[in-house]
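The values are calculated or read from the model by the stated rules, or taken from the named source; none is laboratory data. Treat the numbers as computed from the prediction; the structure is a model and nothing was measured. Here the Cβ positions follow ideal geometry from the backbone for every residue, glycine too, while neighbour counts run over all protein chains shown. All accessible areas refer to the heavy atoms of the entire protein, side chains included, with ligands and DNA or RNA removed. Shrake-Rupley method; radii C 1.70, N 1.55, O 1.52, S 1.80 Å.
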Amino acid sequence: MRAGSVAKAGRFPKLALFDLDGTLLDSAPDFLAVINRMRADRGHGPMPMETLRPVVSKGARAMAAAAFPDVDAAQREAWIPEFLDLYRHELGRHGQPFDGVMPMLDALEAGGTLWGIVTNKPAYLAKLLMPLLGWETRCAILIGGDTLPVRKPDPLPLLHAAATLGIDARDCAYVGDDERDILAARAAGMPSVVALWGYRLDQDDPFAWQGDALVHDPHQLCDPAAWPSQ
């Protein structure tokens, strides 16, 4: 727990905000289907899941770079619209919420906590996922990477989500599996939870991100005492 953060045992936050890919949703299988379609179209064999999974939370460009390391960055950039179009068709077909996510969301709702999503994924793609997951009426707010002029690690998306629901940032918590998630939460004055079950590169050190709590399994967040508070 970060210095200066005081835990209040037995209390869920008023608003729990989550990153999407690698935090709530194991979307790597969907992205692998996209990448392997692109590779096949260019005469390459399939990419192993273990190569793609660590970069999923870094976004489309990082995944394209991992899939086509010998291709010029400008050429890969030109392929991003194709990547997103293919992903729209593979969306929700292979991935699913991480084990423990659904009980966690049930526990939050039973405790009177609102929950929402702040992701760098384009908003239209994130919105398409909601009915596939049964979350369209449960998710109190959804902020995509293009909803505002800036995205994480800028704190504005988190602050905007809290303000829209009329909740002080200090009464919220943000859960994410990438360092930019924790940086955004810290800049927003919002307690943070590092989702250790998510996607990370070998060189990433989540203990160095100075999150307020580090959690290995979503089931742990069914317990109000596992959540940090200010």
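Report the rotationally averaged projected area of region 64-196 based on its alpha-carbon convex hull, in square nanometres.
About 9.2 nm², averaged over all directions.
On each of the three principal axes of the Cα atoms of region 106-148, give max minus min coordinate, whole Å, ordered largest first.
Largest to smallest, the principal-axis extents are 31, 21, 11 Å.
Any idea what angle helix 123-133 forms with the longest principal axis of the chain, computed on alpha-carbon atoms, 0 to 90 degrees, nearest 10?
So the inclination is approximately 80 degrees.
Testing the spin-label approximation: label points 7 Å from Cα along Cα→Cβ at Ala40 and Thr164. State their distance in nm.
Placing both labels 7 Å along Cα→Cβ, they lie 3.7 nm apart.
Determine how large the accessible area of His44 is when every protein chain is in place; take a 1.4 Å probe and give Å² rounded to the nearest 10.
In the full protein context, His44 sits at about 90 Å².
With +1 on each Lys and Arg Cβ and -1 on each Asp and Glu Cβ, how big is the dipole of the chain about its Cα centre, in debye rounded to the nearest 20?
380
For Leu214, Leu20, give me the order by solvent-accessible area with a 1.4 Å probe, most accessible first, ignoring ligands, DNA and RNA.
Leu214, Leu20
How big is D, in µm² s⁻¹, for region 71-140 by Stokes-Einstein at 4 °C and 1.567 mPa s if Rh is the Kirkwood radius over C-alpha pairs?
Reported coefficient: 91 µm²/s.
Show log10 I(q)/I(0) for region 18-123 at q = 0.12, 0.13, 0.21, 0.22 Å⁻¹, two decimals, from a solvent-free Debye sum over equal Cα scatterers.
Normalising to I(0) and taking log10 leaves -0.45, -0.51, -1.11, -1.20.
Between Ala169, Ala67, Ala40, which gets the highest mean-square fluctuation from a Gaussian network model of the chain, Cα cutoff 10 Å?
Fluctuation is largest for Ala40.
For Asp70 paired with Leu201, estimate the spin-label separation in nm (one decimal), with each label point 7 Å from Cα along the Cα-to-Cβ line.
The answer from the label model is 2.2 nm.
Across all directions of projection, what mean area in square nanometres is found for the Cα convex hull of region 149-195?
Numbers: hull surface 11.3 nm².
Projected area, direction-averaged: 2.8 nm².
If I take the Cα coordinates of region 139-230 and project them onto the principal axes, what are the three extents in Å, biggest first?
Here the Cα extents, ordered largest to smallest, are 33, 29, 22 Å.
Roughly what % of DSSP beta bridges within the chain run antiparallel, to the nearest 5?
Values: 2 of 19 bridges.
Bridges in the chain that DSSP calls antiparallel: roughly 10 percent.
Limiting things to C-alpha atoms, what are the Rg and the maximum Cα-Cα separation (Dmax) for the chain, in angstroms?
Answer for the chain, Rg first and Dmax second: 17.4, 56 Å.
Tell me the relative contact order for the chain as a rounded percent, counting alpha carbon contacts under 8 Å between residues six or more apart.
Working: 435 pairs, mean separation 69.3, N = 230.
Reported relative contact order: 30 percent.
Could you work out how far apart the two model spin labels at Met49 and Leu128 are, taking each label as a point 7 Å from the Cα in the direction of the beta carbon, and quote it in nm?
With each label placed 7 Å out from Cα toward Cβ, I get 2.2 nm.
If Lys and Arg each add +1 and Asp and Glu each add -1, what is the summed charge of the other residues whose beta carbon sits under 12 Å from the beta carbon of Leu32? Could you put the intermediate results ahead of the total?
Working: positive: Arg37, Arg39, Arg53, Arg93; negative: Asp26, Asp30, Glu50, Glu90.
Net local charge, Leu32 excluded: 0.
Could you look at the chain and say what percent of its accessible area is carbon and sulfur, using a 1.4 Å probe and all protein chains?
Details: 5200 of 9970 Å².
C and S atoms contribute 52 percent here.
Relative contact order (percent) for region 132-212, with alpha-carbon contacts under 8 angstrom and 6 or more residues of separation? Before the final figure, lay out the partial values.
Values: 103 pairs, mean separation 19.1, N = 81.
The normalised contact order for region 132-212 reaches 24 percent.
Could you give the Stokes-Einstein D for region 25-81 in µm² per second, using the C-alpha Kirkwood radius, 25 °C, 0.890 mPa s? Let's see the in-between values first.
Working: Rh = 11.3 Å.
Calculated translational D: 217 µm²/s.
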